[in-house]
1. For region 86-184, please list each of the helices (runs of 4 or more DSSP H) lying entirely inside it that holds at least 2 residues being within 20 Å of the chain's Cα centre (by Cα) and farther than 29 Å from residue 32 by Cβ.
2. Which one of these does residue 121 not meet: (1) surrounded by 15 or more Cβ atoms within 10 Å (Cβ to Cβ); (2) small (Gly, Ala, Ser); (3) more than 25 Å from residue 232 (Cβ to Cβ)?
3. Filter region 228-247 down to residues that are among the β-branched types (Val, Ile, Thr) and in a strand (DSSP E or B), then give me how many there are.
4. Give 220, 256 a once-over and let me know the one that is β-branched (Val, Ile, Thr), farther than 29 Å from residue 140 by Cα and buried (at least 18 other Cβ atoms within 10 Å of the Cβ).
5. Give 92, 98 a once-over and let me know the one that is within 30 Å of residue 262 (Cβ to Cβ), surrounded by 17 or more Cβ atoms within 10 Å (Cβ to Cβ) and among the charged types (D, E, K, R).
6. Run down 32, 103 and say which single residue is in contact (Cβ under 8 Å) with a residue 60 or more places away in the chain and more than 20 Å from residue 256 (Cβ to Cβ).
7. Can you spot a residue in region 47-63 that is surrounded by fewer than 20 Cβ atoms within 10 Å (Cβ to Cβ), in contact (Cβ under 8 Å) with a residue 60 or more places away in the chain and under 30 Å from residue 184 (Cβ atoms)?
Amino acid sequence: MKRELICSMIWGAIATHGFAGEEAIFTCQIGDWNVHLLVEYTGQGNSSILLGASEEALHRHIPGGTYQAETNALLIRSPDRIILVDTGFGGKLFDHLKTLGIDPGQVDAVLLTHMHPDHIGGLQRGGKALFPRASLYLSQQEKAYWTETAGNPAATAALAPYGSRVRTFLPGPLGTAEELLPGVRAIAAFGHTPGHTLYQVESKGQKLLIWGDMMHVQDIQFPFPAISVSYDTDPQAAGAIRKQILDYAAQHTIPIAGMHLRYPAIGRVSPEGAGYRFTPLPRTPKGGL
């Protein structure tokens, strides 16, 4: 019998962390692993970042021209290790870790989907690593682009305190990627950035795709997955891999988690018309699917 996800909200985070009207932490159990979605930022985004969206689509799906923008990170607790996927801006992140009873020194690994500032902002302060014993993982392509091709000082500064604990890898193809860590596979999803990577986590037959920045404006990009945003390095490639990932997640009924999806930002996708429907996990204390 197929086991279903067990999910819940941490209600205390709402008042404790000042997300007026917005929840801050959402927890799912994937096999033996607990996955905590951590909301780092909520605000208003502008539909002007969309590339090629028709006026009809904008009027129908984003009638006011603005949408709720969100930045998330994810924490994974397995029986053997604690893994953080992205760090957001590094603001609310550390409050959320405290709420979960986790000291940054307990984090074993930090996996980066890519090196935009809203994903690496919590790696260091003043040249000091904020996760003092964690190994830092990112794709070879992503590291080379930001530290060599683009020569980005912020990217170099984010990695510097981790020294020999920076581990690079070549992400594999969707469906056949090898394990990066036990139960974790790194999958190539280039387009948003040259080395953008998603992570598939699996425990006891249950899977979750942590897809980073595959999508920024869900009200438009689920029904129209070919539409990219101005933040994408290669908009055409971003659209193509987004469609591929959505197809795969729908066909294999694998839930997804996104760094810019709205809370709870974890759910399932299913075909709808020429695009897809996203069904978030329930926001009830008992949750589940």
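1. Values: elements: 93-99, 117-120, 140-144, 153-159.
Fully inside region 86-184 and qualifying: 117-120, 140-144, 153-159.
2. In the conditions (1) surrounded by 15 or more Cβ atoms within 10 Å (Cβ to Cβ); (2) small (Gly, Ala, Ser); (3) more than 25 Å from residue 232 (Cβ to Cβ), residue 121 misses (3) alone.
3. The first filter runs over region 228-247 and keeps only residues among the β-branched types (Val, Ile, Thr), leaving 229, 233, 241, 245.
Still in the running and in a strand (DSSP E or B): 229.
Count: 1.
4. Working: 256 fails: farther than 29 Å from residue 140 by Cα.
Exactly one of 220, 256 is β-branched (Val, Ile, Thr), farther than 29 Å from residue 140 by Cα and buried (at least 18 other Cβ atoms within 10 Å of the Cβ), namely 220.
5. Details: 98 fails: surrounded by 17 or more Cβ atoms within 10 Å (Cβ to Cβ).
Among 92, 98, only 92 is within 30 Å of residue 262 (Cβ to Cβ), surrounded by 17 or more Cβ atoms within 10 Å (Cβ to Cβ) and among the charged types (D, E, K, R).
6. On the way: 103 fails: in contact (Cβ under 8 Å) with a residue 60 or more places away in the chain.
Checking each option against the conditions leaves just 32.
7. So far as region 47-63 goes, no, none of its residues is surrounded by fewer than 20 Cβ atoms within 10 Å (Cβ to Cβ), in contact (Cβ under 8 Å) with a residue 60 or more places away in the chain and under 30 Å from residue 184 (Cβ atoms).
Here's the yes/no breakdown for (1) touching a His at 6+ places or on another chain (Cβ under 7 Å); (2) of a type in the set (Gly, Ala, Ser); (3) under 28 Å from residue 31 (Cβ atoms); (4) in a loop (DSSP other than H, G, I, E, B):
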position: 198; (1), (2), (3), (4): no, no, yes, no
position: 202; (1), (2), (3), (4): no, no, yes, no
position: 208; (1), (2), (3), (4): no, no, yes, no
position: 249; (1), (2), (3), (4): no, yes, yes, no
position: 262; (1), (2), (3), (4): no, no, yes, yes
position: 270; (1), (2), (3), (4): no, yes, yes, no
position: 282; (1), (2), (3), (4): no, no, yes, yes
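All of the numbers you see were taken from the coordinates with simple rules; none came from a lab. The structure presented is a predicted model; accordingly, all values stated were derived computationally and were not measured. Heads up, the Cβs are rebuilt from the backbone with ideal geometry, glycines too, and the neighbour counts pull from every protein chain shown.
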